[in-house]
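First comes the structure, then the notes that go with it.
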Amino acid sequence: MSAAPPRRQRGRPRLEDPPAKPDEIFAAALRAFGTMGYDGVSVRTLNRELGVSHSMINGRFGSKDALWYATVDWAFEPLATRVATAFDPLLTDPLDQLRAAVRAFLVYSAEHPELLGLMNIEGRQSTERLNYIYATYIEPALAPIGRLLDHLAAEGRTRPISLRTFNFLVAHGAGAPFTLAPLARLFDPADPLDPDAAAAYADEAADLIINAIVKH
């Protein structure tokens, strides 16, 4: 009888083990940064969670700072694209366009709840990291929204509302159940991160926000 193969030893992976894929690294990093903040994240702990050598992340990215920026790009670029492509040329009513953008943002936030968690942390301090997120992603993504709000108010269809107010109502108001899922489950046992539940909630929240600013 042949001998049983040796059991895998705990600890540092063998050199022949396949490296972590980029999406795996970024997903783990986003969870960490969105939960513990930049200062609370340990690269060594992150390497251990990924099951790779303790030097893998620094070897690939050079530093925790570079990992943070790469993770933010990985998470925010698809969000900016999702919101931008939510504008449907077949929708002629600006209110419908605005509703579609709100819904697209909420659905993406349900798919990536750590993103709002990261913003809740980064938004409390004035840093180069926050300035990077705002200048690179938030400001450009919200510019068309701001034009829609101004146009609708000028046409007398909605009450005037600042872009800042609208952003916080949508992102940190309507988006809160995804980042605060354990609290949300205390109100309703339904999982707020379930895709079907998230889609239904996004419809409900988008309707509520749009109806709230419409002049009746």
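The values are calculated or read from the model by the stated rules, or taken from the named source; none is laboratory data. What you are looking at is a predicted structure, and each value in this text was computed from that prediction instead of being measured. With ideal geometry, Cβ positions are generated from the backbone for all residues, glycine too; neighbour counts draw on all protein chains shown. Surface accessibility is based on the protein's heavy atoms, side chains included, excluding ligands, DNA and RNA. Shrake-Rupley method; radii C 1.70, N 1.55, O 1.52, S 1.80 Å.
Given the convex hull of the Cα atoms of the chain, what is a quarter of its surface area in nm²?
17.0
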### Task
Express the carbon and sulfur contribution to the solvent-accessible surface of region 173-216 as a percent, rounded to the nearest whole number, probe 1.4 angstrom.
65
### Query
For the pair W74 and L95, how long in nm is the line joining their label points, each one 7 Å along Cα→Cβ?
4.2
### Query
In terms of modelled amide H atoms, which long-range or inter-chain residues lie less than 5 Å from the amide H of T158?
A153, K215
### Query
Taking the simple approach of a point 7 Å from Cα along Cα-to-Cβ for both A200 and Q125, what is their distance in nm?
4.1
#### Entry: Estimated vicinal HN-Hα couplings, Hz - region 156-169 in sequence order (Karplus 6.51, -1.76, 1.60; Gly, Pro = x)
x, 8, 10, 6, x, 9, 6, 5, 4, 4, 4, 4, 6, 5
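Using a probe radius of 1.4 Å on heavy atoms only, what accessible surface per residue do you get for region 47-182? Whole Å² is fine. Display every interim value, and only then the final one.
Values: 6800 Å² over 136 residues.
Here the per-residue accessible area is 50 Å².
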### Query
According to a simple spin-label model (label point 7 Å from Cα along Cα-to-Cβ), what is the distance in nm between S55 and A181?
3.6
### Task
Give, as ranges by residue number, the residues of region 63-106 whose backbone N falls under 18 Å from the point 7 Å along Cα→Cβ of A154.
93-98
